[in-house]
1. Of the chain, which part is the longest with no trypsin sites (Lys or Arg not before Pro) in a loop (DSSP not H, G, I, E, B) and with at most 16 other C-beta atoms within 10 angstrom?
2. So what does the Cα-only Debye profile of the chain read at q = 0.12, 0.20, 0.24 Å⁻¹, as log10 I(q)/I(0), no solvent term?
3. Under 8 Å for C-alpha pairs, at least 6 residues apart: give me the relative contact order for the chain, rounded to a whole percent.
4. Hydropathy at least 0.5 by Kyte-Doolittle, axial extent at least 27 angstrom from the Cα trace: which helices of the chain, defined as entire DSSP H runs, fit?
5. 222 nm [θ] for the chain, helices only, -39500 (n - 2.57) per DSSP H run of 4+, per residue, to 500?
6. Once Lys and Arg get +1 and Asp and Glu get -1 on their Cβ, which of Y56, G26, I72 lies farthest toward the positive end of the dipole of the chain?
7. Please identify the GluC sites (Glu not before Pro) of the range 1-41 that satisfy two criteria: DSSP loop assignment and at most 13 other Cβ atoms within 10 Å. Which are they?
8. Translational diffusion coefficient of the range 1-49 at 25 °C, 0.890 mPa s, Stokes-Einstein with Kirkwood Rh over Cα pairs, in µm²/s as a whole number.
Amino acid sequence: MRFDLGRVVATPGALEALTTAQSAPGELLRRHASGDWGEIPKEGARENELSVREGYRVVFSYPLRTGAKVWILTDSDRSSTCILLPSDYSADAAPRITIHHPKM
């Protein structure tokens, strides 16, 4: 694990998409915390590497089997990580609920 995830939360839309795709959030969180940035452009991957080193927000994008895509965002202070759909993202805080994930 390259950085802490903090408290893990998810939007209802992301939880529904994960359930429909039969995707385990724990696997995506492990990939995220290990530096596997998923399907983001090379420039985004470089930005994430800088973010890990300098303590900025870290972003991961992962396509699900159903064609839906989820984002995983870890706050710059590493206090929390949110799983959400791209459509859930806004400047305002999205409604979040806590999910439990296996130890990594």
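1. With trypsin sites (Lys or Arg not before Pro) excluded where exposed in loops, the chain gives 3-56 as its longest stretch.
2. -0.34, -1.02, -1.48
3. 40 percent
4. Span-like helices in the chain: none at all.
5. It lands at -9000 deg cm²/dmol.
6. Working it through, the farthest residue towards the positive pole turns out to be G26.
7. When the GluC sites (Glu not before Pro) of the range 1-41 are filtered for loop state and at most 13 Cβ neighbours within 10 Å, E39 remain.
8. 202 µm²/s
Each value in this text was obtained by applying a stated rule to the coordinates, not by laboratory testing. Small disclaimer: the values here were computed from a predicted structure and weren't measured. We place every Cβ from the backbone using ideal geometry, glycine too, and count neighbours over all the protein chains shown.
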